[in-house]
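Each remark here refers to the structure printed beneath this line.
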Amino acid sequence: MKPTRQQFVTPRAGRSYRTASQRGAIDRGTATAMFGIVAVVLIGMFSFFYLQQVVHTASQGADVSQLEAQISSLKEQQKTIELDGARLRSLQTIQEQTGSMNLVPTDSVSYLAPTDGRVAVLTK
Amino acid sequence: MASKVHVRTQILIAGGFILLAILIGRLADLQLLQHAHFMDIAEAQRKRAADLQPHRGTIYVRDGKGGDIFPVASNKSGWIVYAVPRNMKDPRSVADTLAPALVQFRERQDQRKRDIIQQTGQNDFLSLHPSPSPEPSESLPGEQAGPSPSSSPEPVDQIIASIAEDLFNKFDQKQDPYEPILRPYEILDDDLLHFLQEKNLAGIVLEQQEVRAYPEGSLFAHGVGYVGFDGTARTGRYGIEGYFDDILKGDLGFLSGERGGTGKIIGVAANEFRPAQDGTDIVLTIDRVVQAFAEQELKTGVEKYGADRGSIVVMNPKTGAVVAMATFPTFDPNTYYAVRDAKVQTNPIVSDSFEPGSILKPVIMAGAINDSLATPDTTFVDNGPVRVGKYTINTFDGKHYGVQTMTNTLEQSNNIGMVWVAQKMGSERMYDYLRRFGIGERTGIELDGETQTNLTEPQRWSDAQQATTAFGQGMVVTPIQALNAIDVIANNGMLMQPHIVSSLRSSSGDVQEIAPTTVRQVITQDTASKVSAMMVSVIENGVARSARVPGYYLAGKTGTAQVADPETGKYSTSNKIITFAGFGPVPDPQFSILIKLDNPYGLSFASGTAAPMFRNLAEKLLTYYQVPPSYDASAVQPKFQVP
């Protein structure tokens, strides 16, 4: 039966049917695809970040090794200097070096006994 | 036609499948069946593991005045060299190149050894102890006594040729990964090092190692000891190095990890790391200035009086700390192998036992006075030699003075007076006091090689032994035991534990101070005071006047003991041991000294040899410790009386 009143609704009949995706809406497939792409991108980004950290740490390990080698070398130098210092301060070296200074041994020592509480004091 | 093409295609496909099957089979073989083999190869390429060597602890002595500490044993880097024959293309050429340099190195080493033997007084020691072998364990395995350039009459060319041949025999082994070139204790000197670096010979490897260094040279050598080799392992020998070897050497660490292409450890890969634990540092009670005084005086005395050997010990009688410990002839721990006789490395102060002679008299006298059996003024009559059993006992000089006090007995070192004291005391009491004074047991001092002396049980003493023990014969002590016993008298009757370590400092920073230890009260303070005064009288009025330092009261006792001949079992008529034991200043002693001379020339007594040495050393110590005089030496003093 034909409608008597004018309708403003486009009748379904005669009009081509469009799916939600055709009308621009996101359907399940698209969402899945998008999710997959995002997931891959995120995984890729995290992987990249992780690899970068690993490489960075590994390269820092090399730097640490270098610094440790430097520390070891400096410690060796320190030990050498300490040993040289010990030899210079050894009694044998002192005796040899003072031999040329023409020092004379003390033959007597006098001890001063302060009297009346008066005493001359030398301070540094 | 179409069927032919079809057949060829099928054959091609079949061939492809067969090839694929072969490849898959090969892959399966490599990755599954031979998995373990290739894993091992890969790990061997990547993984590295090594022990981490700790640094050996340092040994320090003090400077009593400034409080500083000075290392007497430390570490340094030294170069060693060895051969890897499997890396040599031309072992003959390497041997011929190396031989002349090695001969020159040996010449320099031999000259250095001769100089050290001369400087340390060992030439004279050798003439009396002719035993020229160095420690055999320090030789290379299988090493024969090859020609030495300086000792061999052969021309140098022949020596070089002989050494070149020995080297070639070592190097001409294609699979050999290691051959030593020098002895384990030898490190390269500058000349040989520069030569090898310049030549850069294939198969000759230079390597740096940590070696022991003794910056003070022969100072306190017997007390420090040295680090030698037991096979290929370094080990401390004698002295502090030997006694504390376990804590000085520290603990090995461990490192394993994976290395990258450049050889560096990969930080993020799995690895195991346990750091090495460095050895503990040790600070001694030795004062290096006093040590130098003692060594100087000892060297002068041994040479002047023609003794075989001499020792001096200086202690702090109040704490038991050993302040100086010297023996001459000595050695240099830097070149410990530069010795003519290994006996020179032993420390006689702790390891040699000897009959103390008259320096033991104050100890016996203290026992008698402590038990109220005598006083300083108790008298006896000395009319001449006395007979005890089948033996006749006389004074050392054959003189007799009639009525004598106990003080006179010590002043004149009268053996007959001491026999009288021994008869008063009896064997049991004498034995008891000797043990309480520390005789017959180890002191426990922290030095390697301390001897355990034995004191015969009193039940087995004959009358003669009782008599001779009273004047220090027929029984043995070590020098450290003897001085430690005298220190009881100096220290108000208290026996202290002798010690030579002041503190231990671990690599983690912990410091453990070693406090003085009181062993026991042996005699009363009053007895100690009386015997001290009697010993002062020995120096002021008795046979030890040559030990007197004007202005100070020093206590002392001479000792001249006969030495038993090991071949005959009787006392030698020529050999003797001269000793002097003393302390001062009385009544507040700062130091005690024991001087021992083995077999000085001629008819020498302690009064003419060891006593003046005591005086010289005491004078230096009194000045060093800044001890003011007890009286005005320029004024006329009344004769010293025992109070």
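The values are calculated or read from the model by the stated rules, or taken from the named source; none is laboratory data. What you see is a predicted model, and the numbers here were worked out from it, not measured in a lab. Neighbour counts run over all protein chains shown; Cβ positions are idealised from the backbone, glycine included. The accessibility values were calculated without ligands, DNA or RNA, using every heavy atom of the protein model including side chains. Shrake-Rupley method; radii C 1.70, N 1.55, O 1.52, S 1.80 Å.
Taking residues in segment A:61-81 that are more than 20 Å from B:THR58 (Cα to Cα), and partners anywhere that are open to solvent by 100 Å² or more (accessible area, probe 1.4 Å) and not polar (S, T, N, Q), not one pair has Cβ atoms closer than 6 Å while being at least 6 places apart or on different chains. Residue count for segment B:610-643, restricted to those that are closer than 12 Å to B:VAL290 by Cα and in contact with a helix residue (DSSP H, G or I) (Cβ under 6 Å, 6 or more places away or on another chain): 2.
The single residue among B:PRO215, B:PRO177 that is over 28 Å from B:THR330 (Cα atoms) and either in contact with a Cys (Cβ under 6 Å, 6 or more places away or on another chain) or in contact (Cβ under 8 Å) with a residue 24 or more places away in the chain (or both) turns out to be B:PRO177. Of the strands (runs of 3 or more DSSP E) lying entirely inside segment B:485-556, those carrying at least 1 residues that are surrounded by 22 or more Cβ atoms within 10 Å (Cβ to Cβ) are B:494-496, B:501-505. Considering segment B:211-235, the residues that are farther than 30 Å from B:ALA292 by Cβ and open to solvent by 50 Å² or more (accessible area, probe 1.4 Å) include one that is nearest to the chain's Cα centre (by Cα), namely B:ASP230. Mind listing whichever residues of segment B:162-174 are at pLDDT 90 or above and open to solvent by 60 Å² or more (accessible area, probe 1.4 Å)? Passing the criteria: B:GLU165, B:ASP166, B:ASN169, B:ASP172.
Scanning segment A:34-78 for residues that are surrounded by 11 or more Cβ atoms within 10 Å (Cβ to Cβ) and more than 14 Å from chain B (Cβ to nearest Cβ) yields a single hit, A:MET34.
Selection of segment B:176-210 for residues being open to solvent by less than 30 Å² (accessible area, probe 1.4 Å), under 30 Å from A:ARG89 (Cβ atoms) and not in a loop (DSSP other than H, G, I, E, B) yields B:LEU192, B:LEU193.
When segment B:29-49 is filtered for residues that are touching a residue at least 24 places away in the same chain (Cβ under 8 Å) and surrounded by 11 or more Cβ atoms within 10 Å (Cβ to Cβ), the ones remaining, listed by number, are B:ARG46, B:LYS47, B:ARG48.
Note on segment B:1-111: enclosed strands (runs of 3 or more DSSP E) holding 1 or more residues that are within 30 Å of B:VAL290 (Cα to Cα) are B:59-62, B:69-83. For segment B:224-234, the set of residues classified as in contact with a helix residue (DSSP H, G or I) (Cβ under 8 Å, 6 or more places away or on another chain) and free of Cβ contacts under 8 Å to residues at least 12 places away in the same chain is empty. Residue pairs whose Cβ atoms lie under 8 Å apart, separated by 6 or more positions or on different chains, with the first residue in segment A:82-96 and closer than 12 Å to B:TYR214 by Cα and the second in a helix (DSSP H, G or I), are A:ARG87/A:THR93. Residues in segment B:113-123: is at least one small (Gly, Ala, Ser) and either under 30 Å from B:ILE181 (Cβ atoms) or more than 23 Å from the chain's Cα centre (by Cα) (or both)? Scanning segment B:113-123 turns up no residue that is small (Gly, Ala, Ser) and either under 30 Å from B:ILE181 (Cβ atoms) or more than 23 Å from the chain's Cα centre (by Cα) (or both).
The sole residue among B:THR456, B:THR518 that is more than 24 Å from B:THR58 (Cβ to Cβ) and touching a helix residue (DSSP H, G or I) at 6+ places or on another chain (Cβ under 9 Å) is B:THR456. The set of residues from segment B:451-480 being touching an Asp or Glu at 6+ places or on another chain (Cβ under 8 Å), part of a helix (DSSP H, G or I) and crowded, with 24+ Cβ neighbours inside 10 Å comprises B:PRO479, B:ILE480. In segment B:422-432 there is at least one residue matching the filter, namely being under 34 Å from the mean Cα position of the chain (by Cα), free of Cβ contacts under 8 Å to residues at least 40 places away in the same chain and buried (at least 21 other Cβ atoms within 10 Å of the Cβ).
Being hydrophobic (A, V, I, L, M, F, W, C), assigned to a strand (DSSP E or B) and not assigned by TED's automatic domain parsing to the domain that holds B:ILE117 is a condition met by at least one residue of segment B:326-336. Going residue by residue through segment A:60-70, is there one that turns out to be of a type in the set (S, T, N, Q) and at pLDDT below 80? For segment A:60-70, residues of a type in the set (S, T, N, Q) and at pLDDT below 80: present. Would you check if there is a residue in segment B:52-61 being on the phi > 0 side of the Ramachandran plot and either loosely packed, with under 15 Cβ neighbours inside 10 Å or without any contact (Cβ under 8 Å) to a residue 40 or more places away in the chain (or both)? No; the residues of segment B:52-61 include none that is on the phi > 0 side of the Ramachandran plot and either loosely packed, with under 15 Cβ neighbours inside 10 Å or without any contact (Cβ under 8 Å) to a residue 40 or more places away in the chain (or both). Among the residues of segment B:211-250, just one is within 14 Å of chain A (Cβ to nearest Cβ), touching an Asp or Glu at 6+ places or on another chain (Cβ under 9 Å) and in a strand (DSSP E or B), namely B:ARG212.
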